[in-house]
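Asker: Below you'll find the structure I mean.
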Amino acid sequence: MVKSGKLRSGTAQKIRRWKKGHSSDSNPETSRYRKAARSRYFSRPSEKSDLTVDALKLHNELQSGSLQRSSDAMEAGDAMEDQALTEKTSGTFLSGLSDCSNLTFRKVQRYWESNSAAHKEICAVLAAVTEVIRSQGGKETETEYFAALMTTLEAVDSSESLAAVAYLLNLVMKRMPVAVLKKKFSETAKALIDIMSNQANSDSLSSLRWIISCLATLLRKQDLSVWSYPSTLQMYHGLLSFTVHCKPKVRKAAQQGVCSVLHYSDFMFSDNAPVHHPAAAATAKFCCKELEQSGGSKEDTTTLHVLGLLKDLLSALPLSSVKSCCETLLRVMTLSHVLVTANAMQAFHKLFSSKPNPASMSAELNAQIITALYDYVPSENDLQPLLAWLAVMEKAHAHLSSLQSSLSIGHLPRLFTVTMSCLLSPHTQVVSAATQTLKTLLNECVAPHMAEIGSVLPNTSVGNGACILKMFRIVEEGLSYRFHASWPFVLQILGCFYRAAGKHAHPIMIKSLQSLSDLRATPQFPFSGELDLAVGSAVESMGPEVVLKAVPLLITGTDDDLEFPRSWLIPVIRDHVKNTQLAYFTSYFFPLANKLKQTADELEQSGQNLIAKVYQTLQMQIWTMLPGFCTKPTDLLASFKGIARSLGMALNDRPDLRLCICQALRTLINKSCETEEEKAELQRFSKNFLPILFNVYSQQPKPGETASARMAVLDTVRVYLSITEQASKDSSIQKKAYRVLEEICGGESASCKAFVLQNLEKLKTMLMDSLTTAASSSKRPRLKCLIHIVKQLNEEHRDFITALLPEVILCTKEMSIGARKNAYSLLVEIGNAFVRFCGNTKDAINEYLSHVFIGLTGSVTMITCTVLALTRLVFHYKDTIDVSSLELLLQNVCLLLSSRTRDVVKASLGFLKVLLFSMDVKVLASHIAVIMEGITNMNDMRRHFRVKLKNIYTKLIRKFGFELVKSMLPADQHKILVNIRKTEARNKRRKLVNKTEEDGSDTEDEKPKVKAESIEDILAETDSDSDDDEKPKKGQKKPMKKGQAWLKEGVSDEPLNFLDPKAAQRVLATNPNLKKACKTEHGFKMTSDGRLIIKEEKDDDDCKTKDAEMDDVLEEAGVKTKKNPKRKMHEDLDDDDMDVNPAMKYKAGGIGIHRPLDRRPEFGTEYKSKKGKGDVKKSGKCDPYAYVPLKKAQLNRRKKAKLQGQFKGMVRGAKKGARSGSKILKKRNA
């Protein structure tokens, strides 16, 4: 057979399954009957209902099948069916149930489809009562239902109807107003008591449980004063009598009712509530009487029923009643009835678990019960009784500790003795339960009170300290061999004892630590993990210093046992150290780690790589202890300054330690800054740690290094900044912080991109808030961060981008070249963002320029920066700017040419220069008049910018011709225009000559033919008188004078004879004294050994001129920056890879740093001693006397006095040297 709920193998593939979400596709599309029933569910009959008691009886008989409908009934039914067709008679016999508006009966409405006769009876009664209330114009409140049901309760005869009415009454009484129950207490109680007495001996007891519940509810709602009446107590005793009823449901209802009355009566929660219920003592007497009468016999189950009641009532009884009940329980336990003993233990366990107040359970009574329970210790082989006894004793001692700790600790040694003997039990459950009991007692009864007990020494003999000593000796006995099967549990108890009392009682625990160390050294010890946890608990409570004094590490770095038998202590300390002294790491572990590192390096150099690796691993493990020592250290204020410098140096020099050190710093900040003083102490070193962390993060990871180290540094920076001032006054720290942020924002890794996207809003807020505090040196990385962020923004962040514009525009005049370059780049990125937002490039650029135009209305600096920004934007977006925007921009810039501020005029001229270079001639032609008008309106600034103006004039002449430009300028500017035209013509001729020379032959005889000057050129040369007298510049050839001739002299000084017929041959057209060049100039440089230096780039003057003009325009537009002259010179030297020494024009001269380095040494320096004073004799040379050199300058009479002084000084020095020499000679001879 196939098991139910499963299919045969292979059938799963044959079954067709619905796709997900389509399992209801097979449902019928129409639901006519459901809709009809739903429409009538909440409808009310418009006429008087025909549902009566007789109709209900008839309905019941028809349902049971005992009665057939007569013809009259059929006719009546037919009539009812005919009426049902009309709208007015849509109600059914359950209309009063289905449309009942009182929420109290929402539970009953689920019974209308039930097949249970009791449920059908409840529905019928509710429907009938509802119809009665409606017929009398009621509002269906709880009070109305209560009155109707009480009336029905007295009228019904059948037990089924009585049970249904009682059930409904029970529901109503729990929700009806308390005032009604108080007012109707007597009548209601009498009616309920009468029914209870009548139904007590009947066969059907279904109504009795609901009547009991109604009576309990009624009693619970009464005032305290009502309980002073004997009748009330009589009613309560009637309720008590059913707590030992033979029927479980009745008994359970009665017991729940009694518990609810004693625990949850309304007056027990009032302001003047009594400590105990007035009926509590009577309840205790009833229970004790029942227990004594039953006698605990096996046949009589009353004892078990009363024990079940006491289980819930003991905590609500007064002290005297609790004492009498506990005595009765102990007497009953002597009968050795298993169930009775188990229930009694459950009663005690429930009593102590509920933690009764001292009014119910005093410390003395608690201690007496503990002492008495030792007489009922089960055998080790009785599993369940022993587990119950341990659980009861655990709760009893825990409650006693909450009442009186000293009394509890005094009772613990005896329990420890009994519980430790349970560890020898063969049952694992007993051993585990005993272990858990001891651990709970240590945590709840010992640990909270160790501070009050104080230090515990081995010689402590009195007080609670002696009890602690006794308890530890009992647990320590568990390390003996007879407990070897339970050593894992003994080690758990020891670890718990270390954790609970190790801080104050460590002197008595030293021997046990040594025993654990010996066990750990045992070969193949099977419980190393449990032992390590126990020692770790000792490290956690006592501190590593105490543990290492008891169990030394035996590692020094010199002459160590290479087995390192105690090296297991290092990971144990690492995993458990906290709340200890940071100074101990500084004084012991830090020097030890350095020594191990030094030993490892020495061993590695000597070739012992394996041992060196061991030492290297040990020192790394020691460093991993640092985060634990930084977890809430007790001496942070005094010790951190002693290790801060070492940590900073290790961060810089030891990449392998950065993870540990960063984790330690984060732990100190996150978990150890509990006071403002500690926070201030760590904040004081932020100026030291943050630059180091920034430098480390900005370094590129070496091959083999993981990205986790950099992320750890980044997390540490973020955590350290949380306790640092928001705006750092140190510009270098601020700059490095922006550089780190630049690395993050511009990172290509997925983690960096995810970080930027997740924290985009925070980054925006931070960058905007730090605008006013940003130092000038931080602008370059700050702008770079903004570039990366702007690239990722969408249209939602348009306001943020607009708010950035003023800062970006002002940064175009920063001192830093990098800042200016980034500012121009950011301007372009913002333009790209606007294009990205709008979609239409022209509209986006027009909108962008409208935002930039606002800067022209600001201060002088803002105007200058705005013009520079517009220059860059016009150069970049020259093809997409609208004509109207360009006209408006050009008009404003031309107006600024008349400003009296040089920076504004300079920026405006740069704008015109870029505009002339980048825009098309056709576009410029329509604006030439505006440009010329602006230049004409310039004031005295024209002389300061004559070079820029000349360049602009040159470009205008090249584009539009000389005559047009001349006609638009005033007469005082015509002179400059003429000079420009002459210069352009001269340059043109020079280019032509150079080109001809390059294309011609290499001989000097072939010369290019220069085209004859036209009349325009001649007139142009004579336009300006001042230019005629100009001398030829350097490099230009002097003009040849026409008609010159030379006479060739005779040979060997023979005079020329003009009468000689051959004299005419001596007249020459060229100078005979000029030597003909034997070499052709190729235009290439040569090295010292005759090699030609040929560069690949073009050297044409035309190309150079165009490149220079292009560079000039790019510099004006902010695309290219000017190079530092010194850097440019070095780059030029570096580019020349040939052995050509540059010709330096500067010659050193003078003194100091300007002295010539290649001058002749002073006279007599070769005799100077290198070790001491004076001169020394040289072999083969004259003796070192003071010779006076003869120089021509010494004959100068003006220097006579100076030379005499020098001679006297020379003689004086010679005499002094002679005297010292004679003294030395005398000493040697003596």
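Asker: For the range 412-422, indicate whether the set of residues that are buried (at least 22 other Cβ atoms within 10 Å of the Cβ) and in contact with a Cys (Cβ under 8 Å, 6 or more places away or on another chain) is non-empty.
Answerer: The answer is yes, given that some residue of the range 412-422 is buried (at least 22 other Cβ atoms within 10 Å of the Cβ) and in contact with a Cys (Cβ under 8 Å, 6 or more places away or on another chain).
Asker: Failed condition for L516, given (1) closer than 28 Å to L386 by Cα; (2) open to solvent by less than 10 Å² (accessible area, probe 1.4 Å); (3) under 43 Å from the mean Cα position of the chain (by Cα); (4) not hydroxyl-bearing (S, T, Y), with all others met?
Answerer: Checking L516 against (1) closer than 28 Å to L386 by Cα; (2) open to solvent by less than 10 Å² (accessible area, probe 1.4 Å); (3) under 43 Å from the mean Cα position of the chain (by Cα); (4) not hydroxyl-bearing (S, T, Y), the one that fails is (1).
Asker: If you don't mind, another one. Only residues in the range 142-169 that are among the polar types (S, T, N, Q) count as the first member; pair them with residues that are modelled with pLDDT of 90 or more and surrounded by 23 or more Cβ atoms within 10 Å (Cβ to Cβ), Cβ under 8 angstrom, at least 6 apart or cross-chain, and list the lot.
Answerer: Taking only residues 6 or more apart or on different chains, the pairs are T152/V165.
Asker: List the pairs whose first member sits in the range 927-948 and is without any contact (Cβ under 8 Å) to a residue 60 or more places away in the chain and closer than 12 Å to L895 by Cα, whose second member is polar (S, T, N, Q) and open to solvent by 60 Å² or more (accessible area, probe 1.4 Å), and whose Cβ atoms are under 9 Å apart, counting only residues at least 6 apart or on separate chains?
Answerer: V930/Q891; G934/Q891
Asker: A follow-up question, please. Quick check on S135: is it touching a residue at least 60 places away in the same chain (Cβ under 8 Å) and surrounded by fewer than 20 Cβ atoms within 10 Å (Cβ to Cβ)?
Answerer: When the stated conditions are applied, S135 passes them.
Each row is one residue, and each column tells you yes or no for (1) of a type in the set (S, T, Y); (2) part of a helix (DSSP H, G or I).
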residue: E144; (1), (2): no, yes
residue: A147; (1), (2): no, yes
residue: T152; (1), (2): yes, yes
residue: L168; (1), (2): no, yes
residue: R175; (1), (2): no, no
residue: S186; (1), (2): yes, yes
residue: A189; (1), (2): no, yes
residue: D194; (1), (2): no, yes
residue: S197; (1), (2): yes, yes
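Asker: Among the residues in the range 738-751, are any under 20 Å from the mean Cα position of the chain (by Cα), closer than 24 Å to G642 by Cβ and open to solvent by less than 70 Å² (accessible area, probe 1.4 Å)?
Answerer: no
Asker: Would you point out the residue of the range 701-719, among those that are surrounded by fewer than 13 Cβ atoms within 10 Å (Cβ to Cβ) and farther than 16 Å from C752 by Cα, that is modelled with the lowest pLDDT?
Answerer: That would be G704.
Asker: Considering only the range 488-505, I want to know if a residue exists there that is over 43 Å from the mean Cα position of the chain (by Cα), closer than 20 Å to A447 by Cβ and in contact (Cβ under 8 Å) with a residue 40 or more places away in the chain.
Answerer: No, the conditions are met nowhere in the range 488-505.
Asker: Just one of (1) open to solvent by 40 Å² or more (accessible area, probe 1.4 Å); (2) touching a Cys at 6+ places or on another chain (Cβ under 7 Å) trips up M649, so point out which.
Answerer: Among (1) open to solvent by 40 Å² or more (accessible area, probe 1.4 Å); (2) touching a Cys at 6+ places or on another chain (Cβ under 7 Å), M649 violates only (2).
Asker: I'm trying to understand the selection: among the residues of the range 674-700, which are open to solvent by less than 40 Å² (accessible area, probe 1.4 Å) and over 22 Å from V740 (Cα atoms)?
Answerer: E678, E681
Asker: Is it the case that G910 is among the small types (G, A, S), more than 53 Å from the chain's Cα centre (by Cα), within 21 Å of E1116 (Cβ to Cβ) and not in a loop (DSSP other than H, G, I, E, B)?
Answerer: Spelling it out, it is not the case that G910 is among the small types (G, A, S), more than 53 Å from the chain's Cα centre (by Cα), within 21 Å of E1116 (Cβ to Cβ) and not in a loop (DSSP other than H, G, I, E, B).
Asker: Which numbered condition in (1) open to solvent by 10 Å² or more (accessible area, probe 1.4 Å); (2) in a helix (DSSP H, G or I); (3) free of Cβ contacts under 8 Å to residues at least 60 places away in the same chain is the only one that L457 fails?
Answerer: (2)
Asker: Looking at T599 and the list (1) surrounded by 20 or more Cβ atoms within 10 Å (Cβ to Cβ); (2) within 22 Å of V546 (Cβ to Cβ); (3) in contact with a helix residue (DSSP H, G or I) (Cβ under 6 Å, 6 or more places away or on another chain), which single condition is not satisfied?
Answerer: (2)
Asker: Condition first: part of a helix (DSSP H, G or I) and among the aromatic types (F, W, Y). Now tell me which residues in the range 485-536 satisfy that.
Answerer: Result: W487, F489, F497, Y498.
Asker: Oh, and also: When you check A273 against the structure, is it exposed (fewer than 15 other Cβ atoms within 10 Å of the Cβ) and either modelled with pLDDT of 90 or more or within 59 Å of the chain's Cα centre (by Cα) (or both), yes or no?
Answerer: yes
Asker: Could I ask something else about it? For the range 211-218, check the following and say yes or no: at least one residue is open to solvent by 40 Å² or more (accessible area, probe 1.4 Å) and in a helix (DSSP H, G or I).
Answerer: Within the range 211-218, none of the residues are open to solvent by 40 Å² or more (accessible area, probe 1.4 Å) and in a helix (DSSP H, G or I).
Asker: For a quick check of your reading of the model, give me the residue pairs whose first member lies in the range 866-891 and is closer than 17 Å to I928 by Cα, whose second is open to solvent by 30 Å² or more (accessible area, probe 1.4 Å), with beta-carbon atoms closer than 6 Å and at least 6 apart or on different chains.
Answerer: Correct list of pairs: S885/N846; L890/V930.
Every residue, every condition in (1) among the hydroxyl-bearing types (S, T, Y); (2) open to solvent by 10 Å² or more (accessible area, probe 1.4 Å); (3) in contact with a Pro (Cβ under 8 Å, 6 or more places away or on another chain), yes or no:
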site: T302; (1), (2), (3): yes, yes, no
site: L309; (1), (2), (3): no, no, no
site: S320; (1), (2), (3): yes, yes, no
site: C326; (1), (2), (3): no, no, no
site: V332; (1), (2), (3): no, yes, no
site: T341; (1), (2), (3): yes, yes, yes
site: Q346; (1), (2), (3): no, yes, no
site: H349; (1), (2), (3): no, yes, no
site: E364; (1), (2), (3): no, yes, no
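Asker: Quick one: which residue in S587, S639 is buried (at least 19 other Cβ atoms within 10 Å of the Cβ) and under 28 Å from S686 (Cβ atoms)?
Answerer: Step by step, each of S587, S639 is checked, and only S639 is buried (at least 19 other Cβ atoms within 10 Å of the Cβ) and under 28 Å from S686 (Cβ atoms).
Asker: Further question on the same structure: Quick check on my filter: what residues within the range 908-943 are in contact with a helix residue (DSSP H, G or I) (Cβ under 6 Å, 6 or more places away or on another chain), open to solvent by 20 Å² or more (accessible area, probe 1.4 Å) and hydrophobic (A, V, I, L, M, F, W, C)?
Answerer: Within the range 908-943, F917, V921, V930 qualify.
Asker: Considering only the range 246-287, how many residues are within 18 Å of C325 (Cβ to Cβ) and part of a loop (DSSP other than H, G, I, E, B)?
Answerer: Residues flagged as within 18 Å of C325 (Cβ to Cβ) and part of a loop (DSSP other than H, G, I, E, B) within the range 246-287 amount to 5.
Asker: Moving on to the next point. Considering each residue of the range 803-847, count those that are outside any helix (DSSP H, G or I) and either touching a residue at least 60 places away in the same chain (Cβ under 8 Å) or of a type in the set (D, E, K, R) (or both), and give that number.
Answerer: Matching residues across the range 803-847 total 1.
The values are calculated or read from the model by the stated rules, or taken from the named source; none is laboratory data. Everything quoted here is computed from the prediction, not taken from an experiment. When we count neighbours, we look across all protein chains shown, and the Cβ atoms used for this are built from the backbone with ideal geometry, even at glycine. Keep in mind that these areas ignore ligands, DNA and RNA; they rest on the heavy atoms of the full protein, side chains included. Shrake-Rupley method; radii C 1.70, N 1.55, O 1.52, S 1.80 Å.
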